[in-house]
1. Can you confirm whether L55 is on the phi < 0 side of the Ramachandran plot, assigned to a loop (DSSP other than H, G, I, E, B) and aliphatic (A, V, I, L, M)?
2. Can you say whether S86 is among the polar types (S, T, N, Q) and closer than 21 Å to D39 by Cα, as far as the supplied structure shows?
3. Please find, among S153, S157, the residue that is among the small types (G, A, S), out of contact with any helix residue (DSSP H, G or I) (no Cβ under 6 Å at 6 or more places or on another chain) and on the phi < 0 side of the Ramachandran plot.
4. Can you tell me which residue within the stretch 11-34, out of those that are over 13 Å from V69 (Cβ atoms) and at pLDDT 95 or above, is surrounded by the most Cβ atoms within 10 Å (Cβ to Cβ)?
5. Out of contact with any Ser or Thr (no Cβ under 9 Å at 6 or more places or on another chain), surrounded by fewer than 20 Cβ atoms within 10 Å (Cβ to Cβ) and either farther than 30 Å from E187 by Cβ or not hydroxyl-bearing (S, T, Y) (or both), is that true of I96?
6. Let me confirm something: among H47, H17, H33, which residue is closer than 20 Å to W79 by Cβ and either in contact (Cβ under 8 Å) with a residue 60 or more places away in the chain or of a type in the set (V, I, T) (or both)?
7. Pull out all pairs, ordered by first then second residue, where Cβ-Cβ is under 7 Å, the residues are six or more apart or on different chains, the first lies in the stretch 64-87 and is under 19 Å from N6 (Cα atoms), and the second is of a type in the set (V, I, T).
8. For the stretch 3-51, how many residues are in contact with an Asp or Glu (Cβ under 6 Å, 6 or more places away or on another chain) and not β-branched (V, I, T)?
Amino acid sequence: MPIFINQNVYPGEFLLHKKYAATDTVLDLIWTHSNIIVDVCLYLLDHYDFDKTELVREVVIQAALLHEVGVYACGGFEWVPGQPPSSRPYIQHGVIGAWILQQEGYAPPVVQAAFCHIGMGLTAEDIRSHGLDLPQVDMFPQTELQRFMTYASKFHSKTPQFRTNQEIKDSLAKFSPEKVSLFESLEKHYGVPDLDPIKEKYGEWEKGFSFKVEQLTKAQKTLNLNPAGIPNANV
């Protein structure tokens, strides 16, 4: 097994990822992405002056580490040898992740942060109007932790790729202008992270990540997958 970043720093969270990951390749991608989001969160906490009363540092770290755990049960990783197929669409990973975390006994704030981090959060009307394969209930950030996690998690994707605030806005604009406005309000409140030191920290990992888009077969390319094998159509 490869050595994963911070696996000994956050052993409990790493073991939970390992429990649900079917392959080391997907574990490497999701675990490292989650650690990058931790670093984004900590940068914002350490460099900007906003009300942090409700943002307990240890809870923020745990929420960032675990918000993507539902990805392991969803489709989109069929390109990985040994990865079992899943009939669950990728967009359900927030709902599934929240269920996993609840079953594993994690605190409600961590569970709910996973539940509502998709996009900038989804309302029941968003789900109905866009025909998303999700329960028609509000999955919209309500607490400070939920808003903070939803915002911070946008700065790195599972492609894997860092995203500037403008790239995030351009992506959200394809969904609705209201989501862009919401992002801008959080941007003003929390600040914009300097991604350069985080990019430098993870640069060698990104270069060496085992999956290359050239490895896709012709059949896989017809699925419209992004460089991480995740369907581009999903949020």
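1. yes
2. Considered against the rule, which asks whether it is among the polar types (S, T, N, Q) and closer than 21 Å to D39 by Cα, S86 comes out as no.
3. None of the other options fit; the residue is S157.
4. T32
5. Spelling it out, it is not the case that I96 is out of contact with any Ser or Thr (no Cβ under 9 Å at 6 or more places or on another chain), surrounded by fewer than 20 Cβ atoms within 10 Å (Cβ to Cβ) and either farther than 30 Å from E187 by Cβ or not hydroxyl-bearing (S, T, Y) (or both).
6. H33
7. Hits for this filter: A64/I37; A64/V38; L65/V38; L66/V110; E68/I30; V69/I100.
8. So the answer is 1.
The values are calculated or read from the model by the stated rules, or taken from the named source; none is laboratory data. Remember, predicted model here, so these are calculated numbers, not experimental data. As a convention, Cβ positions derive from the backbone with ideal geometry for all residues, glycine included, and neighbour counts pool all protein chains shown.
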